[in-house]
Amino acid sequence: MVTDQRFFRRNGPYPLGEIAKRLGAGLSAGASAELMIEDIAALDAAVPGEISLFSDVKLLESCRKSRASAIITSRKLAEVVATETPLLLVDDARYAFALVGHLFHPDPPLEPGVHKAASIDPSAEIGEGSQIDAGAVISAGAKLGARCHIGPNAVIARGVVLGDDCHIGSNSSISHAVIGARVRIASNVVIGGPGFGFVASPKGALRLAQIGRVIVGDGVEMGSNCTIDRGAMGDTIIGNGTMFDNAVHIAHNVQIGRFCMIAGQIGIAGSAVIGDFVVMGGQVGVSDHIHVGRAARLAAKSGVIKDVAAGESVGGYPAVPLRQWHRQTILLRKLLGKKEV
Amino acid sequence: MVTDQRFFRRNGPYPLGEIAKRLGAGLSAGASAELMIEDIAALDAAVPGEISLFSDVKLLESCRKSRASAIITSRKLAEVVATETPLLLVDDARYAFALVGHLFHPDPPLEPGVHKAASIDPSAEIGEGSQIDAGAVISAGAKLGARCHIGPNAVIARGVVLGDDCHIGSNSSISHAVIGARVRIASNVVIGGPGFGFVASPKGALRLAQIGRVIVGDGVEMGSNCTIDRGAMGDTIIGNGTMFDNAVHIAHNVQIGRFCMIAGQIGIAGSAVIGDFVVMGGQVGVSDHIHVGRAARLAAKSGVIKDVAAGESVGGYPAVPLRQWHRQTILLRKLLGKKEV
Amino acid sequence: MVTDQRFFRRNGPYPLGEIAKRLGAGLSAGASAELMIEDIAALDAAVPGEISLFSDVKLLESCRKSRASAIITSRKLAEVVATETPLLLVDDARYAFALVGHLFHPDPPLEPGVHKAASIDPSAEIGEGSQIDAGAVISAGAKLGARCHIGPNAVIARGVVLGDDCHIGSNSSISHAVIGARVRIASNVVIGGPGFGFVASPKGALRLAQIGRVIVGDGVEMGSNCTIDRGAMGDTIIGNGTMFDNAVHIAHNVQIGRFCMIAGQIGIAGSAVIGDFVVMGGQVGVSDHIHVGRAARLAAKSGVIKDVAAGESVGGYPAVPLRQWHRQTILLRKLLGKKEV
C-alpha cells in the first residue's frame, strides 16, 4: 500500500535502525539498520520499502508471503515465523506498530491563523498557534487553549472552554461545555444540547430548565455525529481518555469514567453512571440511572436495564450475564430441534 | 449548585413570597416571605440561598440533610418530611419546580438582527424581532415568523415556513417543511430530507420522486441530530407538542400524533401512524405501515412489527405485550436453571 | 394532491398520449391521448387532472373510487379493476409510475456558479456547470466533476474527488474520499471520519493512524446524518448503486457491494464484507469482520455475529435463519401458554 498523498502527508523515509531506536526494539539477525523504510502497510498490502505488523499467529501465512521490507513482531512470534525478512522485535507489537504509524503519518501540522471567512466574537480568546477555518463561528466569551484547530463551519458557542491542542471537526456544534486538553471531536458532533427532561403540564410537556454543563476530560476522542447533552442540574461528565465511536448518544447528567471504549450508535440514558475502563459494543442501550461498574463489558446491542457489577460481562435484551445469554441462545436452538413448533 | 454564568444567565433573586405568589403556593408555618432566593438546585447540591424540590419520598433523607433555603413540595410530603426549612406547598411539586427553573433561567433573550456573515436571499421574509446568526443561510421564498432564532450555520432552504418564536439550532438543515409556532429544533438536525423509497429498474434502484413535505405542529421540540424525511407523496406529519430526544429517525409519510414522547435513537419506518400521547423508550424501532394507538407505551429497544392497540404496553423483539415479554425473560431464566445446556 | 409549489417545481402538463409514448405504454380502450395530465398522486389523494398508480390488488377499492384522471397499471390488474378511468398499461407499473414522477418533478435545475459567501481554495478544481452554495467550503486540491452541486455550508476537505453530477447536501462533511459519478449525499452526512481503532498503551488507548480512504461508487445515494469512516490501512468501499437510508454508520475498512439497500440506523462494524444486492432492514447491527453473502437479507434490528451465506435470510439477536427466528418466537409464546411462570 502507498498512502494517498492527496489526503495524507508522509514523513520519512527512516532507516530501520532509527525506527528500532525510537521503539526500543531489537533487530533480527542480519537485518540492516540502514534499510530505508518509506511507509507502513498491512501484511497483504505491503510493497517493498514498507514495514508491516505480525501480531496474530493466524496471519502466519500472510506474514511469510508478505512483500514488506521489514516486520514488527514479538520475540515469541519471531520464532514461529522463521522468516528472513528483517524483523523489529518488541514486547508489544501492536503498540509499536501504532507508534510507527504516527511516525510516518503524524497529524497534519496546524496552519495557525484565522480564516477571513470565520466569525470570531471580539470577546473570545484564542490560544497561540490555533487554526480557525472558514465558516467557523466562535462566540462571546469562548476561551480556546493553545494550538486548537476549529474545523470549517464548526460552531463554538458562548463561554465554551477548550484546553490546549483540541481539534473540533467541521460542522460540529459545541455549547455549554468545559473541555480538557488534547480532545479530538470529529465532524457534525453536538456537545451541550438540551437534555430530554420534561414534566407534565396543563399545556403538554414542559421541558425542565437544562442548566448544567458538559465536562469533557483530557484526551477524549469522539467520532462523527455524536450527541452529548448537557446536564439538567449538575453536569454531564466524560472522564479522561474515554473514546467514542460515531453516532453515540449521551443523555443529560450521565457520568462516564476514564478510559472507556464506547462503540458506535450506543445510547446511554439520563443519569447513568459508567465506571472507568468500561467497554461497550455497538448499539448498546443503557437505561437511565443505571450503574455500570469498573471494567465491565457490555456485548454489542445489549439492552442494559439493571446495574452491572464491576468486571462483569453482560449481553442480550434484557441484558444478562454473558454466559447466561449464550446458554439462552443454545437452549432455544435445542428446544426447536426437539419439537415441531 | 451555582449555575455557571458563562453559559446561563440568571434572573432574580426573588423573595420567597413572590415565588409563592407566582406558583399559587402556600408557605409553611414560619417561612418568611422576605427570604431571598437566588437559584434552583437539587437537594444534594443546594447551598444556602437556593430552592430545591422534594417530590419523591425515597429522597427523604436528602431532603432532611439539604442545605437549601427553601423546598417546593406537596402538602402530603410536607407532613412526612417534618422539616423546619421553609416549604412552598403546591399540588404538583415537579411542575412548580419546573416553572421556578424557568423563572430563574429563562431562555436567553434574542438579539434581534441579521449577522453580517449570514446569507439571506432577498425574497426571504423574516419576522420582526428575529435573530439570524453568523453563517446562517436563508433561501429564496422562506418565511420566518416573529421572534425566530436561526443559529449559526443553520440552513433554511427554499420556501420553508416557520411560525413565530421558533428556534433552529446551529448546523441544522431545514427544507420542504411547514413548521408551526414555538418549535425548538436543536443542533445538526435535518428536516425535509428525501425518503428511502425506490423501485427496481434495469439500471438498479430508482428513487421515487419525493414530493411531499414535513408538517410540524406547534410547540414541537427536537433534540440534536434528528432526521425527519419529507413525504414521498403526501406529508410527514408531527403533531403539536410532541417531543423528540436526540438522533431520532422519522421516515417519509410517518404521522405522529400530539404530545408524544419519542426517546433517543428511535427509528420509525415509512408510513407508520402513531397516535396521540404515545411514549416510546430509547432505540425503539417501528416497522413501516404500523399503527400505534393512542397513549400506547413502547419499552426501550422494542422492535415493533405488529400494530399496537391504544393504551397497550409492549416490549421485546419482536415486541409483545409487556407482561408477556417479562414472562418470557423469566421463563428463559427458569428453563436454564432446570437443565444443563 | 397538488404538490406544494414553494418546494417543488412541476413540469407539464403533458398529454396522456405523450406520457404513454415515453413509457412505451398502451392506452386502455376509449382513453383519449389528448387528455392533459398535470401531476401525479396516490389513488386516495388524486384530484382530476392527476395520474395515479394501481399496482396492488389490495387497493382495488381505492382504485375504483379514485378521482384520478388516469391510472398506470399492469394489463393483468386492468382486467381486475374494470374501470372506465383511462389506463396506461405497462409491464411494470411501479417503475413506470416512478418514471412519470420524475417527468413531472425532475430534480431542480442547477444554478451554476459560486456563491459569494462560499470559500474555495485557489487550488481546488470545480467542474463546468457546478453550483456551489453559500457557506460551502472547498479545500486545497479538491476536484469536482461537471454539474456538481455543493449545498450550503457543506465542507469538501483537502484532496476530495467527486465525479460528475454529484450532489452534496447542506452541512455535510466530506474528507479522504474518492467519489464516483451521480452520487447523492443528503444533509449532515460525514464521509471520511477517523475509524475507531485503538491499541492499549501506557497512557491509555492510542488511536492507530487512520490512513485509508473512502471509495464511493457511481450512483450511490445516502440519507441524512450517515457516517462513513475512512479505512485504517486500505479503504472503506461502497459499491455502485448502493443506497443508504438516514443515520447509517459504516466503520473503517467495511466493503459493501453493488446495489445494496441499507435501511435507517444500521451499523456495520469494522472490516465487514457485504456482497452485492444485500438488503438490510432498519437498526441492523453487523459485527466486525463478518461476511454477508450476495443477495442475503437481514431482518430489521437483527444482530449479525456470524457470517451469512449468499441468498440467506436471517433475523433475531443473535441473528439466526429467518424461519428459525420465527419458530423461536412461536415457541416462546407456546411455552408461556402451557405453564405458569
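The values are calculated or read from the model by the stated rules, or taken from the named source; none is laboratory data. Model, not experiment: these values are computed from the prediction. Counting neighbours? That spans all protein chains shown, and the Cβs are built from the backbone with ideal geometry, glycine included. Surface accessibility is based on the protein's heavy atoms, side chains included, excluding ligands, DNA and RNA. Shrake-Rupley method; radii C 1.70, N 1.55, O 1.52, S 1.80 Å.
Across region A:216-268, the fraction of Cα-Cα pairs farther apart than 12 Å, rounded to a whole number, is 58%.
Reported to the nearest whole Å, the Cα centre-to-centre distance from region B:111-133 to region C:1-25 is 36.
Derived scalar couplings between HN and Hα for region B:92-98 equal 10, 5, 5, 5, 4, 5, 4 Hz in order, rounded to whole Hz, by the Karplus curve 6.51 cos²θ - 1.76 cosθ + 1.60 (θ = phi - 60°), x for Gly and Pro. Each copy carries a label point for C:ARG67 at 7 Å from Cα along the beta-carbon vector; from one copy to the others these points are 7.0, 7.0 nm apart, nearest first. If the elastic network links every pair of Cα atoms under 10 Å, which of C:ASP133, C:ASP218, C:ASP39 fluctuates the most in the Gaussian network model of chain C? Of the options given, C:ASP39 has the highest mean-square fluctuation. Considering only C:PHE97, C:PHE244, C:PHE196, the mean-square fluctuation computed in a Gaussian network model of chain C, springs between alpha carbons under 10 angstrom, is largest for C:PHE97. Considering only the other residues whose Cβ falls under 13 Å of the Cβ of A:GLY141, what net charge follows from Lys and Arg at +1 and Asp and Glu at -1? Taking every other residue near A:GLY141 into account, the sum is +1. Applying a threshold of 19 Å to the alpha-carbon distances of A:LYS334/B:LYS334; A:LYS143/C:LYS116; A:LYS301/B:LYS306 flags A:LYS143/C:LYS116; A:LYS301/B:LYS306 as lying beyond it.
Which residues in region A:159-193 have a backbone N closer than 16 Å to a point placed 7 Å from the Cα of A:SER123 along the Cα-to-Cβ line? Residues passing the 16 Å test: A:159-161, A:176-177.
Sorted shortest first, the distances from the A:ARG294 label point to those of the same residue in the other copies are 5.3, 5.3 nm; each point sits 7 Å from Cα along Cα-to-Cβ.
Using the 1.4 Å probe convention, the accessible area of chain A works out to 39 Å² per residue with neighbouring protein chains retained.
Mean sequence separation of contacting Cα pairs (under 8 Å, at least six apart), scaled by the length of chain A, corresponds to a relative contact order of 7 percent.
Each Lys and Arg contributes +1 and each Asp and Glu -1, all at the Cβ; summed about the Cα centre of region B:1-135, the dipole is approximately 460 debye. Database remark: amide H of A:HIS291 closer than 5 angstrom to the amide H of A:VAL273, A:ASP307, A:VAL308 (H placed geometrically; neighbours at sequence offset of 5 or more, or on other chains; Pro and chain starts carry no H). Treating each Cα of chain B as one equal point scatterer and applying the Debye formula with no solvent, the log10 of I(q)/I(0) at q = 0.07 Å⁻¹ comes out as -0.41. Scattering from region B:288-341 was approximated by placing one identical point on each alpha carbon and applying the Debye formula without solvent; log10 I(q)/I(0) at 0.13, 0.17, 0.21, 0.27 1/Å stands at -0.37, -0.55, -0.72, -0.99. What does the net charge come to around C:GLY151 if you take all other residues with beta carbon closer than 15 Å to its beta carbon, with K and R at +1 and D and E at -1? It works out to a net charge of -3.
Would you please classify the overall shape of the protein assembly as shown from the alpha carbon gyration tensor, given that a ≥ b ≥ c denote the square roots of the eigenvalues, rounded means a/c under 1.5, and beyond that prolate means a/b larger than b/c while oblate covers the rest? Note, shape of the protein assembly as shown comes out rounded. Of the trypsin sites (Lys or Arg not before Pro) found in region B:74-171, those that fall in a DSSP loop while having at most 12 other beta-carbon atoms within 10 Å are B:LYS116. A Gaussian network model of chain B, with springs between Cα atoms under 10 Å, assigns the largest mean-square fluctuation among B:ARG297, B:ARG207, B:ARG327 to B:ARG327. Between copies, the label points of C:PRO106, set 7 Å from Cα on the Cα→Cβ line, lie 5.3, 5.3 nm apart, reported in increasing order to one decimal in nanometres. Going by a ≥ b ≥ c, the root eigenvalues of the Cα gyration tensor, does region B:46-135 fall in the rounded group (a/c under 1.5), the prolate group (a/b larger than b/c) or the oblate group? Note, shape of region B:46-135 comes out prolate.
Placing +1 on the Cβ of every Lys and Arg and -1 on the Cβ of every Asp and Glu, with no other charges, gives region C:108-211 a dipole of roughly 440 debye about its Cα centre. Taking the charge dipole of chain B about its Cα centre, with +1 at Lys and Arg Cβ atoms and -1 at Asp and Glu Cβ atoms, the residue from B:LEU35, B:ALA68, B:ASN253 reaching farthest to the positive side is B:ASN253. Once you have a ≥ b ≥ c as the square roots of the Cα gyration tensor eigenvalues for region A:168-305, tell me rounded if a/c is under 1.5, and otherwise prolate or oblate according to whether a/b is larger than b/c. Oblate, since a/c reaches 1.5 and b/c is not below a/b. This model, with +1 at the C-beta of Lys and Arg and -1 at the C-beta of Asp and Glu, gives chain B a dipole about its Cα centre of some 1340 debye.
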